[in-house]
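The values are calculated or read from the model by the stated rules, or taken from the named source; none is laboratory data. The shown structure was predicted, so the numbers you read here are calculated from the model rather than taken from an experiment. Quick reminder, even Gly has a Cβ in these numbers, built from the backbone with ideal geometry, and neighbours come from all protein chains shown. Protein only, heavy atoms only, side chains kept; ligands, DNA and RNA dropped before computing areas. Shrake-Rupley method; radii C 1.70, N 1.55, O 1.52, S 1.80 Å.
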Amino acid sequence: MDGKKQTHQFKTEVQQLLNLIINSLYSNQEIFLRELISNASDACDKLRFKAQTEPDLLSDDADFKIKITADADQRTLTVADNGIGMTHDEVLENIGTIAKSGTAGFLQALEASKNEAALTPELIGQFGVGFYSAFIVAEKVTLTTRAAGTDKAVQWTSTGDGAYTVEETTKDDRGTTVRLQLKPLEKDETDFTDQWTIRRIVKEHSDFVSYPITMDVEKDEPIPENEQLKDKDDKPIGETTRKVVQEETLNSMKAIWARDKKDIGEDEYKEFYSHISHDWNPPLTQLHLKLEGTTEYSALLYVPSKAPFDLFSPERKHGIKLYSRRVFIMDDCKDLIPDYFNFIQGVVDAADLNLNVSREILQQDRLVRNIRRNLVKKLFELFEKMDTEKYDQFYQEFGQILKLGIHSDFENKDRIAKLARYRTTRSEGKMISLTDYVANMKAEQKEIFYLTGDNLNTLLNSPYLEQLKEKDYEVLLMTDPVDEWVVQALTEFDGKKLKSAEKGDLDLDEKKTEETGDFNALFGYIKSKLEGKVKEVRASTRLKDSVACLSGDSQDMSAYMEKILKASGQSVPEVKRILELNTGHPVMDKIKSLYENDRDSDLLGQYSHLLLDMAVIGEGGKIDNPSQFNKLVGDLMTKAL
């Protein structure tokens, strides 16, 4: 370099790409500060690594730091580091990264993928795309740098209008300083010279950078008594405090996920959980992983002790924050965790992820899928190893959303099914696993019986269970709405088919009474009286004590599913049910006798509707004509008394 100022023109496609970055790719203006801090952190990393073999490089200053300086009057913001710095050729090389990668082909690929082109963190970390994000807020950018171990400094300047200049300059110490001449402040825009704005951005995006990020802050300091003016009574006259400027560290540097587990106490884990989740309740437990090898990443995941109020909200964000080398990349990282684990809070830090140029969208690649698969596996192991008391607490809060995975994750549905818990007709209020259910099955029992509904007490006393209880068969009582989707996906468990107690033939090997055939004519008559309300009337093998119940064919929608869909405002096609009647009940003999002796009796029609209403009430439904039902029951009571 001959010391003269050199002017370089951006290539046409590079200028187009620069315009795209400035105007389109960053959805949040404040991201520029994260990028500049990230570059500064990378520079410190490189020098720290190089100093392992060349320790003299740190002889002038061994304490790394990144300093932010804001000047509201001049509208400038400066980010400086004492990292490795750059030579003249490296300035052209690194800032030219965009030119080398930003060919017309790269630009076309970027536009074709709707601004989601994949760039490695290494490329973003250089003074390339991330550096140019400064033009989002700056009308002029000046970079001054001096490489470690050299005396010459270089200055790079551009207004982002198609050209940049490079010239030799002087700099007292090693490292790089980036000075932004900020655009005029418009109404309602963020003031990036405000110290509280800077504090917030650093705390949110760069809190765990491993080097101190500092800023000079003006504070009030008490004036020492021996320097205060006092009156004759020795009382202070005038001000007792004065303005002083102190350098303050803005970031915590507590990247505890990168530390060894044995060096971290429970209080530290809880403090970090509160920081990332804003949850006042302590976590139920945490999972701390560090994987090295072909896939390297660290993860610190937390299981909350209480479910958030918006657990099932479609707008709810996932709780995983993504970092790359301790620099915040994105929150709501849905690519690393399935929806049925969306309650998990924590951090994943991976250096080699493919990100788009703004680091705001994670690309689906093999590394991402590998990390996701490992995290899911480790979470399953965590839940499977929990003691009963802690797992019951977890399941009480998150069991419903966990069971969503049975329907949505075919690969892991059996493993999720093992984590599911249900009350049963024999569990006495406790919840048991499907594994325990199968272990407790009767020797002759071939299927897993279940019944869905919204009220546990109604299910326990349901007429559908009468014959099952008679045979001492245990029945799963499913009271969560999600269970309707569970039984659609989980058709069998441990080689045993799941069968609804409400639908289809229970196949209990019950022999129908000899009189059953004699009821066919009556059943036909009752069906004619209930035309349009039921699709069939037949003898029941479900009932023992009750007179009537409503059932469906094995492929029909259950009554509870119909209720759920209607409650959500969905249009539900009309599904006619089957009216099952207990031919062994005395009342059916009376009705049969009346039918045989007086087929024109008005009572037969009334009793037909009464049987249907009794069946509807028995399953916890609402009858069509409560007043008619009330009158019929009243008349029957009068006659009986």
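Is it the case that M588 is in a loop (DSSP other than H, G, I, E, B) and touching a residue at least 12 places away in the same chain (Cβ under 8 Å)? No, not satisfied. Of all residues in region 467-483, exactly one satisfies the criterion of being open to solvent by 10 Å² or more (accessible area, probe 1.4 Å), in a helix (DSSP H, G or I) and either touching a strand residue (DSSP E or B) at 6+ places or on another chain (Cβ under 9 Å) or among the hydrophobic types (A, V, I, L, M, F, W, C) (or both), namely K469. Could you please let me know if M253 is of a type in the set (A, V, I, L, M), within 21 Å of V209 (Cα to Cα) and under 17 Å from the mean Cα position of the chain (by Cα)? Against the criterion (of a type in the set (A, V, I, L, M), within 21 Å of V209 (Cα to Cα) and under 17 Å from the mean Cα position of the chain (by Cα)), M253 does not qualify. Could you please let me know if Y560 is under 21 Å from D454 (Cα atoms) and of a type outside the set (A, V, I, L, M, F, W, C)? Judged against the criteria, Y560 is a match. Say we look at region 427-447 and pick out the residues that are part of a helix (DSSP H, G or I) and surrounded by fewer than 17 Cβ atoms within 10 Å (Cβ to Cβ); which of these is nearest to the chain's Cα centre (by Cα)? Taking the candidates together, the pick is T435.
Of all residues in region 362-399, count the ones that are in a helix (DSSP H, G or I) and loosely packed, with under 14 Cβ neighbours inside 10 Å. Total satisfying the criteria: 9.
Report yes if some residue within region 597-608 is within 18 Å of A501 (Cβ to Cβ) and either of a type in the set (G, A, S) or surrounded by 14 or more Cβ atoms within 10 Å (Cβ to Cβ) (or both); otherwise report no. Within region 597-608, none of the residues are within 18 Å of A501 (Cβ to Cβ) and either of a type in the set (G, A, S) or surrounded by 14 or more Cβ atoms within 10 Å (Cβ to Cβ) (or both).
Among the numbered conditions (1) in a helix (DSSP H, G or I); (2) modelled with pLDDT of 85 or more; (3) closer than 30 Å to N19 by Cβ, the only one that I68 does not meet is (1).
For region 262-278, the tally of residues that are surrounded by 10 or more Cβ atoms within 10 Å (Cβ to Cβ), of a type outside the set (S, T, N, Q) and either part of a helix (DSSP H, G or I) or in contact with a Ser or Thr (Cβ under 9 Å, 6 or more places away or on another chain) (or both) stands at 9.
Only residues that are touching a residue at least 12 places away in the same chain (Cβ under 8 Å), open to solvent by 40 Å² or more (accessible area, probe 1.4 Å), out of contact with any Ser or Thr (no Cβ under 7 Å at 6 or more places or on another chain) and not acidic (D, E) were counted across region 230-260, and they come to 7. Does T513 satisfy the condition of being touching an Asp or Glu at 6+ places or on another chain (Cβ under 6 Å), open to solvent by 20 Å² or more (accessible area, probe 1.4 Å), at pLDDT below 90 and not hydrophobic (A, V, I, L, M, F, W, C)? Considered against the rule, which asks whether it is touching an Asp or Glu at 6+ places or on another chain (Cβ under 6 Å), open to solvent by 20 Å² or more (accessible area, probe 1.4 Å), at pLDDT below 90 and not hydrophobic (A, V, I, L, M, F, W, C), T513 comes out as no. Remark: T193 matches the filter, which requires a residue to be more than 30 Å from I320 (Cβ to Cβ) and open to solvent by less than 30 Å² (accessible area, probe 1.4 Å). Within region 290-302, does at least one residue satisfy the condition of being closer than 21 Å to F394 by Cα, among the charged types (D, E, K, R) and in a loop (DSSP other than H, G, I, E, B)? No: region 290-302 contains no residue that is closer than 21 Å to F394 by Cα, among the charged types (D, E, K, R) and in a loop (DSSP other than H, G, I, E, B). Quickly run through region 308-329 and pick out the residues that are of a type in the set (A, V, I, L, M, F, W, C) and surrounded by fewer than 19 Cβ atoms within 10 Å (Cβ to Cβ). F309, L311, F312, listed by residue number.
Report, by residue number, each residue of region 196-223 that is open to solvent by 50 Å² or more (accessible area, probe 1.4 Å) and of a type outside the set (D, E, K, R). Once the filter is applied, which keeps residues that are open to solvent by 50 Å² or more (accessible area, probe 1.4 Å) and of a type outside the set (D, E, K, R), region 196-223 yields W196, P222. Taking the criterion of being open to solvent by less than 10 Å² (accessible area, probe 1.4 Å) and in contact with a strand residue (DSSP E or B) (Cβ under 9 Å, 6 or more places away or on another chain), the residues of region 400-421 that qualify are A417, L419, A420. Scanning region 282-307 for residues that are touching a Pro at 6+ places or on another chain (Cβ under 7 Å) and either without any contact (Cβ under 8 Å) to a residue 60 or more places away in the chain or of a type in the set (K, R) (or both) yields a total of 1. Among the residues of region 285-306, is any at pLDDT 85 or above, buried (at least 16 other Cβ atoms within 10 Å of the Cβ), over 16 Å from W257 (Cα atoms) and of a type in the set (A, V, I, L, M, F, W, C)? Scanning region 285-306 turns up no residue that is at pLDDT 85 or above, buried (at least 16 other Cβ atoms within 10 Å of the Cβ), over 16 Å from W257 (Cα atoms) and of a type in the set (A, V, I, L, M, F, W, C). There is no residue in region 631-638 that is at pLDDT 90 or above and either assigned to a strand (DSSP E or B) or surrounded by 13 or more Cβ atoms within 10 Å (Cβ to Cβ) (or both). Taking the criterion of being part of a loop (DSSP other than H, G, I, E, B) and charged (D, E, K, R), the residues of region 555-576 that qualify are D556, E574, K576. Among the residues of region 158-177, the one identified as in contact with a Lys or Arg (Cβ under 7 Å, 6 or more places away or on another chain), of a type in the set (S, T, Y) and either in a strand (DSSP E or B) or open to solvent by less than 40 Å² (accessible area, probe 1.4 Å) (or both) is T165. All but one of (1) over 50 Å from the mean Cα position of the chain (by Cα); (2) surrounded by fewer than 18 Cβ atoms within 10 Å (Cβ to Cβ) hold for K622, so report the exception by its number. That leaves (1) as the condition not met. Within region 448-465, the only residue that satisfies the criterion of being in contact (Cβ under 8 Å) with a residue 60 or more places away in the chain, open to solvent by 30 Å² or more (accessible area, probe 1.4 Å) and outside any loop (DSSP other than H, G, I, E, B) is T458.
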